[in-house]
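Read-outs: derived from the displayed coordinates by stated rules, not from any lab. Just so you know, these numbers come straight off a predicted model, no measurement behind them. Using ideal geometry, Cβ is built from the backbone for each residue, glycine included, and neighbour counts are taken over all protein chains shown.
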Amino acid sequence: MRLLTHNMLSSNIKGVTNGFPLRIEVEKVVEKSVDFNPDFLKNMLAKIEYKALVEASRIMGYAELPDHAEPSMLESDDFLRKFHHALMELHLEEGTLVCPQTGRKFPVNKGVPNMLLHEDEV
Amino acid sequence: MAVRQASLGGVDVDLETKTNVEKLKRGIAEFYDESSGIWEDIWGDHMHHGFYDPNSTISLSDHRAAQVRMIEEALKFASVPEDPMKKPKSIVDVGCGIGGSSQYLARKYGTECTGITLSPVQAERARALAAAQGLENKVSFEVADALNQPFPDGKFDLVWSMESGEHMPEKAKFVNELARVAAPGARIIIVTWCHRNLSSSEQSLNPDENKLLDKICDAYYLPTWCSTDDYVKLLQSLSLQDIKAADWSEYVAPFWPAVIRSALTWKGITSLILSGWKTIKGAMVMPLMMKGYKKGLIKFAIITCRKPE
C-alpha cells in the first residue's frame, strides 16, 4: 500500500466521525522505485491531505518531508523528489491501519489493506 | 413484496437479514477466491460480458476485444469526457475482480484508479497483474465492502461498477455509497444484471420466474434481484442528474454460449474439476442464465448518472 492510497482511506465504522487519517503500524516497509512525474505531483499536492502524508511517511521511516508545504515549493526539484518518494515509493507490505477514533485495527497483508467491517460495525 | 423491499434496503434490516448478508458476503468472497484463477486462465483479466454486434458470429479470440468494447461503450453511454481538462482524475472500481477494468481505465485516462473487492485472492492477484503491466503506481486494490466503502465523501470523478451490482444485498445502500464517494460532477456507471421491469399491475415476478432466479442466485451468491426501473428510482431519490438507462441484453447474447463452450473444452473441464464445487456449481447454472435471457426475464442493464456540481 502506497501512501497515496493511505491518503484516501478512512475508517467507515458506524458512528465514527473522525476516521481519517488511519494510524499506521509498520511490520514491513518496501521501497519501490517509481518514475518521477513532476506534473502529476504538482496536481496531487492540492488533492491530498499533506499533514497526513508527512505523519505517515515518518512512521514508515522517512523523515525528509517538510512539515508544511506551500504551492511555491513545487518549483523546487528537491521538494518534488521528496514528495515523490513519500507519496509513491514507500510501500507498507505488512502492517496495520488503525482507526483514529476507535482503535480498531485493519490488517495490511502483501500490500493489500483489508477494510472489511464486522457485523456489529456497520 | 417484503423480500423485494428488503433487497432494495428500503426497510430497517432485522438481525436475520444481517446474518444472511454476512453469509452472502463470505460466500461471494469464497466463490471468487476459488473461481478467479480458472476464469483468468481461460478468459483473461476482464470478468464481464463482451459487447457484440447483434447476430454477429464470433471466434474465441474476439471475446477479449468485445470485453474491452463493453468498457468503451459504457463510458460513451455515460458521456464521460475525454478532454484533458475534464476527464476523470480519480477513479474507483467497485467490485474490481482481478483489476481488468481498473487497469484499462487507469491507462485510458492516464490517472489513478483504486479497486475494491470482497475477495483477498482477487485483490492480491489484481495487484500482481497491475505490477506486471507496470501500473503499480497507478492502480491500487483493497479488500473492502461496496456497501461500506472505506473512502471519504466526494473522492472520485468516476465511480465504476461493472457487473458487481448483482452481488449487492441492499441496493439502496449500494447506490447510496456510489453517490457518496462520487465527487461533484462525477459520473456513476452501473452495468449489472437485472430482472425485467414490472408492469404497473405487478407487485413481483411470477413464481416460475422467481424459481429460475433463485437457482441462479444460489450458484452465484446473488441476493434477490431488482429491476432496471428500481435502480433508476434509487438514483432519482438521491437527486442525481442525467440519469440514463438501457437494456443491452441483445448486445451480450453471444456471451453465455461462448462461456459454456469454453467450459466444455478439455482445458475447461479439467480446470473445473480441479477448482472446486462452488466453481462447478457456477458452471452448471450457465444454461439457466441463457434461459433467463431468452425468456426476457434477465436483462443486461446499464444505468448511468451524474452527481450535481
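Here the scattering of the stretch A:3-111 is modelled by Debye summation over its C-alpha atoms, one equal scatterer each and no solvent; at q = 0.10, 0.12, 0.13 Å⁻¹ the log10 of I(q)/I(0) is -0.29, -0.41, -0.48. Where a ≥ b ≥ c are the square roots of the eigenvalues of the C-alpha gyration tensor, would you call chain B rounded, which needs a/c under 1.5, or, failing that, prolate if a/b is larger than b/c, or oblate? Rounded, since a/c falls under 1.5. Distance from the C-alpha centroid of the stretch A:64-87 to that of the stretch B:91-165: 27 Å, rounded to the whole angstrom.
Averaged over the residues of peptide A:106-116, the number of Cβ atoms from other protein chains lying within 10 Å of each residue's Cβ is 6. Dipole size of chain A about its Cα centre, with +1 on Lys/Arg Cβ and -1 on Asp/Glu Cβ: approximately 260 debye, rounded to the nearest 20. Of B:Glu112, B:Glu73, B:Glu142, which has the largest mean-square fluctuation in a 10 Å C-alpha GNM of chain B? Its mean-square fluctuation being the largest, the pick is B:Glu73.
Considering all C-alpha pairs of the stretch B:189-231, those separated by over 16 Å amount to 39%. Considering helices alone, the calculated mean residue ellipticity of chain B at 222 nm is -15000 deg cm²/dmol, with DSSP H runs of length four and up weighted by -39500 (n - 2.57) and normalised per residue.
Separation of the stretch B:234-309 and the stretch B:22-75, taken as the distance between their Cα centroids, equals 9 angstrom. Dipole of the stretch A:3-111 computed with +1 at Lys/Arg Cβ and -1 at Asp/Glu Cβ about the Cα centre; of A:Val26, A:Met8, A:Pro100, farthest Cα towards the positive end is A:Pro100. Here the protein assembly as shown is treated as a sphere whose radius is the Kirkwood value from Cα pairs; by Stokes-Einstein at 10 °C and 1.306 mPa s it diffuses with a coefficient of 71 µm²/s. Checking the Cα-Cα distances for A:Lys14/A:Lys82; B:Lys76/B:Lys211; B:Lys171/B:Lys291; B:Lys25/B:Lys108 against a 29 Å cut-off, the pairs over it are A:Lys14/A:Lys82; B:Lys76/B:Lys211; B:Lys25/B:Lys108. The residue among B:Ser161, B:Thr224, B:Asn176 whose Cα reaches farthest toward the positive pole of the charge dipole of chain B, with charges on the beta-carbon of Lys, Arg, Asp and Glu, is B:Ser161.
Rounded to the nearest 10 degrees, what's the angle between the helix A:50-59 long axis and the longest principal axis of chain A, both from Cα atoms, 0 to 90? For A:50-59 against chain A, the angle is about 80 degrees. Considering only beta bridges that DSSP places wholly inside the protein assembly as shown, some 60 percent are antiparallel. Here the dipole of the protein assembly as shown is about 720 debye; that uses its Cα centre as origin and unit charges on the Cβ of Lys and Arg (positive) and Asp and Glu (negative).
Of the residues A:Val122, B:Val92, the one with the fewest other Cβ atoms within 10 Å heads the list, and the complete ranking is A:Val122, B:Val92. Bridge orientation summary for chain B: considering DSSP beta bridges with both residues in this region, about 45 percent are antiparallel.
Ranking B:Gly292, B:Ser140, B:Pro308 by Cα position along the charge dipole of the protein assembly as shown, where only Lys, Arg, Asp and Glu carry charges on their C-beta atoms, puts B:Gly292 farthest toward the positive end.
Annotation for the stretch A:1-110: trypsin sites (Lys or Arg not before Pro) lying in DSSP loop with at most 10 further Cβ atoms inside 10 Å of their Cβ are A:Lys14.
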